[in-house]
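Engineer: Encoded as structure tokens, here's the structure I'll be asking about.
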Amino acid sequence: MEICQPFLVFLQQHLREAVKKKILVANRGEIAIRLIRAIQELDCTAVAVYEKPDERSRHIRLADEAVLLGNGPRCDYLNIRKIIAAAKHTGADAIHPGYGFLAENPGFAKACEEEGIIFIGPSSKVIADLGNKVVARQIMADAGIPMVPGTKNLPHGEEGLQNAIEFGRKYGYPVMLKATSGGGGRGIRRIDTEDQLVNEIPVARAEAKAAFNDDSVYLEKVVLEPKHVEVQIIADKTGKTLHLGTRDCSIQRRNQKLIELAPSRVANPELLEEICQTAVKAAKAANYFNAGTVEFLIDKDLNYYFMEINTRIQVEHTVTEMVTGIDIVRNQIKLAFGYELSFGQEDVQIRGHAIEMRINAEDPKNNFMPEGGKKVSVYRSTGGFGVRLDGFVYQGYEIPEVYDSLLVKLTVHGFTWDETVGRVKRCLKNFAIVGPKTTIPFYLRIVDDPDFIKGDFNTSYLDTHPHLFHYEESIGEAGKLAKFIAEIHHRGENPFAS
Amino acid sequence: MERIYQGTSAARAIQQLRQAKGYYITNTARDLSQSDFKNRILLHTDLLAAEARDRAGYYSLEITGGASVHVDMMRKQVNPFKKLKLLRERMPNTMFQTLCRGVNLFGYRPYPQNVIRFTVQEFAKYVDVWRTFDFLNHVPNMQAVLEEVALAGKINEPCICFSTGPEHTNEFYLKKVQEIIDVTGTDIVLCIKNHGGLGSPRRIGELVDAIKQRFADLVIHYHGHNTDGNDVGRIVEAVINGATIVDAADSAFTGFYGPPPILTVIHALKEYDKVAIGIDEEAVIETSNILGDQRKYYDQFESQIKGFQPTVQIHKLPGGAMGSSLEQASKGGFLAKMPEILHKELPRVQKELGNFWSVTPGSQILWTTAVANVQGGERYGNPSGDLKNLLLGKYGPFPFYQPEEWIYEKVLGENWRQVLEEEGGLEDIPDMDLAEERANLHEKLGREPNREELVLYLQHPKDAIDFIKFSEEYGMTHVLPPSIFFKQGGFEIGETLYFTDTAGKEHIVEIGPSPTVDTGETAVYLTVDHYPRVYNFAPLETAGTNGKKVVLTKEEIMDLAMAGDVRAGFAGNLVEISVKEGQEVKKGDRVAVMEAMKMQTPVTCEIDGIVTAISAKSGQAMQTGDKILKIDQDI
């Protein structure tokens, strides 16, 4: 009987954990595989969907079932009707949207809700609220979350001008002069001096009037060379909201992240703790449910400002998983099926450091031009202690031109920062990818850069370190010699010796 | 008596040599490779032998210089400096020796003084013994090298080049030794450079004795070739009469034109109670045991004609030029004419041109002239640029007598006296702007070159760049064994190849299939260190530097020439286009000059006609069958 007791506990736990559902993965590439793995680990059935150009994709082979959506490209992964139909056809209980495509489309979440399919993520209302900058800003302002300082709409005439000048003097230049009805980068101008400000306000108003039929404008401080720090949050339906620590995603090109790490290297634990608490507060203010990310900017003087909340799983969630040991995707699924969080904030311990590098088929020297359309003629990856790979390419795979260029995410975990940097460097060297150019040789320069090693970087890192782009593409010494052997073999003699 | 270890100062080493009771041996590995294997013995092979050779206790290992600097880069794809560094790591005890052609350094034409000095300074970092010669025994041509070697604290070994004939008397050579000593003093090693292996043992003995009688203090190094099979005899006489150092080579690789086997020399001299100082005979034997297995990979580079050449006493070609001359005759299709060239024309040309020493670049001038005289019909009708320069005195004065006037007239033209008056005499070559050359090289490499790369570039600009670019693409190919490097006919599918990298780690390459894909490309599949790789190659027909490469046979090239389409008969550099468009030419006229290795060969036309198109430029690298120019018969 004593032997049976632990078994019984195990059985109960197992039954409690077992979801036994069918889940459709509305995505492609590495994230589709990441989701399928979590689904299968929960003993659930994974349904893949795909477009024609993706028919050689590995996620189809790994899933339990797969549905061809159409010829694409991209439009079928974005087609709510088709995906809902695929879910109904296969009898899926739930849909995980991954990132990108429909992940932050409130209409998709709403369609799921209406069709009785569980959407693995927050409610359509939360997605809609947080996706709208004005609404999101208002919610955060009401909750007292620190925001990038700005004025309200500037009154017309002398009063507005005076307000603007005061703001400029208080916060310093540059500032952004923004049209209230603008968006998507339109109606924004950078102002570097007070004189310029005085001159530009009437011009901006006239322009806004013409463009948006609304001449209201306001000012916002420019945060120069900020660090991009974000907090992973997770919340269940009871309102229990926890944070899983910080990530730094400052190393970006054209606002697209390349390298992410956890926790942030800001050497101020009190500040990081405060940011985490703020993130939880922000999430609660938005009635957040499921996993999400609260993004902040930190300036040189360690002031931090709320940026936005991403209502989905992030590419870089792996670093958080590595340092906390918590499987975020697994928890997302369970939360979506109504389970409560089985751990508390005190159970979330950050151990060591993690770095993720996005190995993209891109040519960094050529403005990160994608290398789609090329065949991966050699693919050798890495392994060993503290190493995690989330990828989907294989030797012989032809990279479709119509999707993004991410091949594999290399995530490593180490007890100390130095150990982690050493490990990621070793892993990068282990890789051999022949066919497309990749970001690997570029990253190999970064891991040797003293500023990176010190953790001294912000979003201007690539612009301020142009020497990182001076690297050699190399197939390695053995690869070069093998090429020479191939030449001798092919020609039937050494053409250089005769 | 002790061996002389690398690191011993030059002064101390010469002191030790003067007091030697016995003789020392130089392992002449480079000269062996050049004479009997067209300079192709790979660094890989020398590295295999390095440890045993270091134990063997030689005075020096002659491993660089001569044509090897050029061939290292051009045909063996190894950096001549890197070679010395790697050998030094495995041979800490043995001095390294070079062969330097004075103003011509390791090339075939005089270099500017500042290039000579810079080159010697860089090589002197690795080379302990500097054997320097001039093919006219014109001592001023050696002066810059002698000075720089002394400044670098290395051992100077100036040569008197040796030959035979009525002018080659002891008196003459004693005068030359005095000229050398006037420049260097007696703290040198004097080399008797018998590059042809000429003269009888007795003649060599007499010469050594005469020098020792006059200059008792002088250390003599006898260098000979075994072309007639009798160099051991000459070595024995040299040592008995007072030579302190002699040249020989590892028996595993000895052939017909290089130095004789070391062990044979040791055994012969034992009979005369002469001890080989510092020599560990076991290590000498061990070296050849190691090398024995490797010789088979070098088959293709051994001479087409087997056997000793006692007729060298007639034609006097140096051992170092025998292999390449025979190769040229074979590739040029005139092997059958060799007896006429070697035994009739060459001795005649020698005599006509002043009986100077047949050694680089003089041997090439004699050879090219003799070949042209036999092949071209009219004697001296197609003189090479080098022959012109010789007559103009650009290399130095004739040592004994000048050629007859009719030769001057043939070579320099009717107004040869005026040409000689205006252009004659030693060339005063202006210094090069080294900073500018460095900038040029920087531009060509797309990065800053190091000093050694600049030295190589100054020697052979095009070949140095080709080599550096080759290494960037294919890596350090010197780690590949000759079984891979010289493989003919491709490997077997499934064959496993092994090589060890510079760090000592072994790599495995398995040969997979090589299918041709739709585009015409061939995909070569290899498994490299357990991982598959594929290398794609464009179809062979479209490869090559001059657009569409058509490999033509000798007969096809001849047929084309008969139709006025003049092509390169072999791969090499086009040195000169001798005619202009629109010029009238007659059958047998020289229209261009090609150079392969260091041999210049005139290209003559087969028909009368007018030059209508010139498709190549002088200085251009040509492949066999590349177009040079076109002659039309009926215009």
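Engineer: Can you find, within the range A:477-494, the residue that is nearest to the other protein chains (Cβ to nearest Cβ) among those that are among the basic types (Lys, Arg) and within 42 Å of the chain's Cα centre (by Cα)?
Structural biologist: Residue satisfying both the conditions and the ranking: A:Lys480.
Engineer: OK, next. Residues in the range A:458-473 that are acidic (Asp, Glu) and closer than 21 Å to A:Lys227 by Cα: how many?
Structural biologist: Residues in the range A:458-473 being acidic (Asp, Glu) and closer than 21 Å to A:Lys227 by Cα: 1 in total.
Engineer: Another one. Only one residue in A:Asn331, A:Asn310 is crowded, with 17+ Cβ neighbours inside 10 Å, closer than 21 Å to A:Gly100 by Cα, modelled with pLDDT of 95 or more and of a type in the set (S, T, N, Q). Which one?
Structural biologist: Just a single option satisfies the conditions, and that option is A:Asn331.
Engineer: Do you know which residues across the range A:243-290 are under 20 Å from the mean Cα position of the chain (by Cα), touching a residue at least 24 places away in the same chain (Cβ under 8 Å), in a loop (DSSP other than H, G, I, E, B) and closer than 26 Å to A:Gly131 by Cβ?
Structural biologist: A:Arg254, A:Ser264, A:Tyr288, A:Phe289 - these are the residues of the range A:243-290 that are under 20 Å from the mean Cα position of the chain (by Cα), touching a residue at least 24 places away in the same chain (Cβ under 8 Å), in a loop (DSSP other than H, G, I, E, B) and closer than 26 Å to A:Gly131 by Cβ.
Engineer: Going by what's in this entry, would A:Val323 be described as touching a Ser or Thr at 6+ places or on another chain (Cβ under 9 Å) and at pLDDT 95 or above?
Structural biologist: no
Engineer: Also, quick follow-up: Does the range B:607-623 hold any residues that are touching a strand residue (DSSP E or B) at 6+ places or on another chain (Cβ under 8 Å) and outside any strand (DSSP E or B), and which are they?
Structural biologist: B:Ile607, B:Asp608, B:Ser615, B:Ala616, B:Lys617, B:Ser618, B:Gly619, B:Gln620, listed by residue number.
Engineer: Sticking with this structure for a sec: Might you let me know whether the range A:355-362 holds any residue that is assigned to a helix (DSSP H, G or I) and either within 20 Å of A:Gly414 (Cα to Cα) or touching a helix residue (DSSP H, G or I) at 6+ places or on another chain (Cβ under 7 Å) (or both)?
Structural biologist: Within the range A:355-362, none of the residues are assigned to a helix (DSSP H, G or I) and either within 20 Å of A:Gly414 (Cα to Cα) or touching a helix residue (DSSP H, G or I) at 6+ places or on another chain (Cβ under 7 Å) (or both).
Engineer: Kindly provide the set of residues from the range A:381-398 that are over 21 Å from the mean Cα position of the chain (by Cα) and closer than 20 Å to A:Arg61 by Cβ, ordered by number.
Structural biologist: A:Ser381, A:Tyr394, A:Gln395, A:Gly396, A:Tyr397, A:Glu398
Engineer: Let me ask something else about it. Taking A:Lys409 and the conditions (1) within 14 Å of another protein chain (Cβ to nearest Cβ); (2) in contact with a strand residue (DSSP E or B) (Cβ under 9 Å, 6 or more places away or on another chain); (3) not in a loop (DSSP other than H, G, I, E, B), which numbered condition does it fall short on, given that it satisfies the others?
Structural biologist: (1)
Engineer: While we're looking at this one, here's another question. Is it the case, given these coordinates, that B:Arg53 is more than 14 Å from chain A (Cβ to nearest Cβ), within 17 Å of the chain's Cα centre (by Cα), crowded, with 22+ Cβ neighbours inside 10 Å and in a helix (DSSP H, G or I)? Talk me through it step by step, then tell me what you get.
Structural biologist: Numbers: more than 14 Å from chain A (Cβ to nearest Cβ): yes; within 17 Å of the chain's Cα centre (by Cα): no; crowded, with 22+ Cβ neighbours inside 10 Å: yes; in a helix (DSSP H, G or I): yes.
Spelling it out, it is not the case that B:Arg53 is more than 14 Å from chain A (Cβ to nearest Cβ), within 17 Å of the chain's Cα centre (by Cα), crowded, with 22+ Cβ neighbours inside 10 Å and in a helix (DSSP H, G or I).
Engineer: Moving to a separate point now. Against the conditions (1) modelled with pLDDT under 95; (2) more than 14 Å from every other protein chain (Cβ to nearest Cβ); (3) assigned to a helix (DSSP H, G or I), where does A:Glu401 fall short? Just the number, please.
Structural biologist: Failing condition for A:Glu401: (3).
Engineer: Which numbered condition in (1) of a type outside the set (Val, Ile, Thr); (2) over 21 Å from A:Arg358 (Cβ atoms); (3) at pLDDT below 95; (4) out of contact with any strand residue (DSSP E or B) (no Cβ under 8 Å at 6 or more places or on another chain) is the only one that A:Arg190 fails?
Structural biologist: Of the numbered conditions (1) of a type outside the set (Val, Ile, Thr); (2) over 21 Å from A:Arg358 (Cβ atoms); (3) at pLDDT below 95; (4) out of contact with any strand residue (DSSP E or B) (no Cβ under 8 Å at 6 or more places or on another chain), the odd one out for A:Arg190 is (4).
Engineer: Where residues in the range B:480-514 are more than 7 Å from every other protein chain (Cβ to nearest Cβ), surrounded by 14 or more Cβ atoms within 10 Å (Cβ to Cβ) and not in a strand (DSSP E or B), which of them is nearest to the chain's Cα centre (by Cα)?
Structural biologist: For the range B:480-514, the residue satisfying everything is B:Pro482.
Engineer: Related question: If you check B:Ser330 against the conditions, is it under 20 Å from B:Lys193 (Cβ atoms), assigned to a helix (DSSP H, G or I) and not β-branched (Val, Ile, Thr)?
Structural biologist: Answer is no for this residue.
Engineer: Taking the conditions exactly as written (assigned to a helix (DSSP H, G or I) and not small (Gly, Ala, Ser)), does A:Ile475 satisfy them or not?
Structural biologist: no
Engineer: For the range A:437-476, give me each residue that is within 14 Å of chain B (Cβ to nearest Cβ) and either surrounded by 13 or more Cβ atoms within 10 Å (Cβ to Cβ) or within 15 Å of A:Val378 (Cβ to Cβ) (or both).
Structural biologist: Passing the criteria: A:Tyr471, A:Glu473, A:Ser474, A:Ile475, A:Gly476.
Engineer: Now a separate question. What's the number of the only condition in (1) among the acidic types (Asp, Glu); (2) farther than 23 Å from A:Gly422 by Cβ; (3) in contact (Cβ under 8 Å) with a residue 12 or more places away in the chain that A:Glu356 fails to meet?
Structural biologist: That leaves (2) as the condition not met.
Engineer: Determine which single condition B:Gly196 fails, assuming it passes every other condition in (1) out of contact with any strand residue (DSSP E or B) (no Cβ under 9 Å at 6 or more places or on another chain); (2) part of a loop (DSSP other than H, G, I, E, B).
Structural biologist: Unmet for B:Gly196, out of (1) out of contact with any strand residue (DSSP E or B) (no Cβ under 9 Å at 6 or more places or on another chain); (2) part of a loop (DSSP other than H, G, I, E, B): (1).
Engineer: Just wondering, is there one or more residues in the range B:396-409 that are part of a helix (DSSP H, G or I), closer than 18 Å to B:Pro602 by Cα and touching a residue at least 12 places away in the same chain (Cβ under 8 Å)?
Structural biologist: Among the residues of the range B:396-409, at least one is part of a helix (DSSP H, G or I), closer than 18 Å to B:Pro602 by Cα and touching a residue at least 12 places away in the same chain (Cβ under 8 Å), which makes the answer yes.
Engineer: Take the residues in the range A:360-377 that are within 14 Å of chain B (Cβ to nearest Cβ) and crowded, with 18+ Cβ neighbours inside 10 Å, then tell me which one is nearest to A:Ile60 (Cα to Cα).
Structural biologist: Looking at the filtered set, the residue picked out is A:Val376.
Engineer: Moving on. Among the residues of the range A:52-67, which ones are in contact with a Gly (Cβ under 8 Å, 6 or more places away or on another chain) and either buried (at least 23 other Cβ atoms within 10 Å of the Cβ) or within 11 Å of A:Ala32 (Cα to Cα) (or both)?
Structural biologist: Matches in the range A:52-67: A:Asp54, A:Ser57, A:His59.
Engineer: What pairs can you find where one residue is in the range B:70-86 and touching a residue at least 24 places away in the same chain (Cβ under 8 Å) and away from chain A (no Cβ under 14 Å), the other is part of a helix (DSSP H, G or I) and surrounded by 21 or more Cβ atoms within 10 Å (Cβ to Cβ), and their Cβ atoms are less than 6 Å apart, with a gap of 6+ or different chains?
Structural biologist: Listed pairs, sorted by first residue: B:Pro80/B:Val69; B:Pro80/B:Asp72; B:Lys83/B:Leu43.
Engineer: Need a quick list: helices (runs of 4 or more DSSP H) entirely within the range A:83-142 having at least 1 residues that are over 20 Å from A:Glu295 (Cβ atoms). Can you show your working first?
Structural biologist: On the way: elements: A:106-115, A:124-131, A:133-142.
Result: A:106-115, A:124-131.
Engineer: For the range A:481-497, does any single residue satisfy the condition of being touching a residue at least 12 places away in the same chain (Cβ under 8 Å), surrounded by 17 or more Cβ atoms within 10 Å (Cβ to Cβ) and over 20 Å from A:His353 (Cβ atoms)?
Structural biologist: The answer is no; no qualifying residue exists.
Engineer: Output the residue which, of all residues in the range B:457-479 that are in contact with a Leu (Cβ under 6 Å, 6 or more places away or on another chain) and touching a residue at least 60 places away in the same chain (Cβ under 8 Å), is surrounded by the fewest Cβ atoms within 10 Å (Cβ to Cβ).
Structural biologist: Ranking the candidates gives B:His478 first.
Engineer: Just name the residue that is modelled with the lowest pLDDT out of those in the range B:87-108 that are of a type outside the set (A, V, I, L, M, F, W, C) and under 13 Å from the mean Cα position of the chain (by Cα).
Structural biologist: So, considering only residues that are of a type outside the set (A, V, I, L, M, F, W, C) and under 13 Å from the mean Cα position of the chain (by Cα), the one modelled with the lowest pLDDT is B:Tyr108.
Engineer: So, one more: Do we find that A:Arg380 is away from chain B (no Cβ under 14 Å) and among the basic types (Lys, Arg) in this structure?
Structural biologist: On the way: away from chain B (no Cβ under 14 Å): no; among the basic types (Lys, Arg): yes.
So A:Arg380 does not fit the description; no.
The values are calculated or read from the model by the stated rules, or taken from the named source; none is laboratory data. These figures come from a predicted structure and were not determined experimentally. Cβ: placed from backbone, ideal geometry, glycine included. Neighbour counts: every protein chain shown.
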